[in-house]
Amino acid sequence: MDSVQGQYMRINQILMCLIGQWPYQEGWEKFLIQFVFVPAVFSQAIVQPCKLEEILQGGGMITAWFADDIDAFMESSSPFVISLMCIVKHINYTYNHEQMKKLSFIMADDWNIYSKLSDEYNILCKNYDMGRKVSIAYAVSLYGSMTPFLVVPVIINTVSYMGLYNISDKPLMFRTEYFIDSEKYYYPLLVHSYIGTLGFVTIVVAIDSMLVFHVQHECGMCEILGYAKRIEIANTTSYFFQLGFNMMGMTFTIFQAVVKLTDPNEALRYVSFTVTLLSVLFLESWPGQQLSDYTDKTFAFITNGRWYQSSLRVRKVISIMLMRSYVPIKITAGKLYALNLANFAAVR
């Protein structure tokens, strides 16, 4: 990868390396990170929905439902559904690793070709700069939205340690059942919940911001003229499940925020969760809108050119290009839902 291209994607490289998915990473390094990262983070999804003893994974929610403990059911379901969405992202990227690797290699090859041509190079730089800015804003948004969940246990423990506030049970980030003495192993369990939560947020930020660069590259190539169906093939099934889990998660978090209005601290936590999910949905919709807009630009560039001065053979080729550019390039969720800002506004 060219050094300038690498500078634009520096943040993406760091995040993707942290989850062991950077295409240029050494094989042994990827294996080692996955060997440690996946169990440490995904185990958060196993313990999150548990409330009653001897329950695993979604069983805690089911048991709470049949036990008429609606509060426990609702409180458990939001983190669990969001964890499933993150797991789907990671599994999809791992399963389509070769496709994603080819996309990265195509990006590098295109960059090397057009870096020798000043106008085309400036177009790519403009789109990559936009991708970098969006990635930074997205990372700040998601990590910032999780701050209330991250700081509440620290604040409560600090206040309790200083003797300003007495608590009977030390709080974890979420309602969980680890099947061990949570008082005795409180701090290791708290650290595990932090690792799991930050790991899931890193998965979302890393993979979604990488898609932003794929799309920004395609937007640049549309402007130059060029690379997209591979993006749709690699992501459409994953987005179908991600969108479903996202909608379920927002339903639960909005409901919890309304129910907890009498407790502003708890309500704020669920509002921040809802904002996080909306941010995820927005960043999944925005690249699709960009692709559609740049397809329209391609159509405009062709029609505004001096096609009437070209030969009859060239005009036939141009007519084919016009017909193709008339159909917008889309990113869909399971071929059913087009990811764009119009649909995002309708969902919102």
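Read-outs: derived from the displayed coordinates by stated rules, not from any lab. Since the structure is predicted, the reported quantities are computational estimates derived from the model, not experimental observations. With ideal geometry, Cβ positions are generated from the backbone for all residues, glycine too; neighbour counts draw on all protein chains shown.
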query: Once amide H atoms are placed 1.01 Å from N in the peptide plane, what residues at a sequence separation of 5 or more from Thr332, or on another chain, have their amide H within under 5 Å of its amide H?
result: Leu339
- prompt: How would you rank Ser141, Ser209, going from fewest to most other Cβ atoms within 10 Å of each one's own Cβ?
  reply: Ser141, Ser209
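By counting other Cβ atoms within 10 Å of each Cβ, how are Val280, Val154 ranked from fewest to most? Provide the component values of the computation, followed by the final result.
Values: Val280 27, Val154 12.
Sorted ascending by nearby Cβ count, the order is Val154, Val280.
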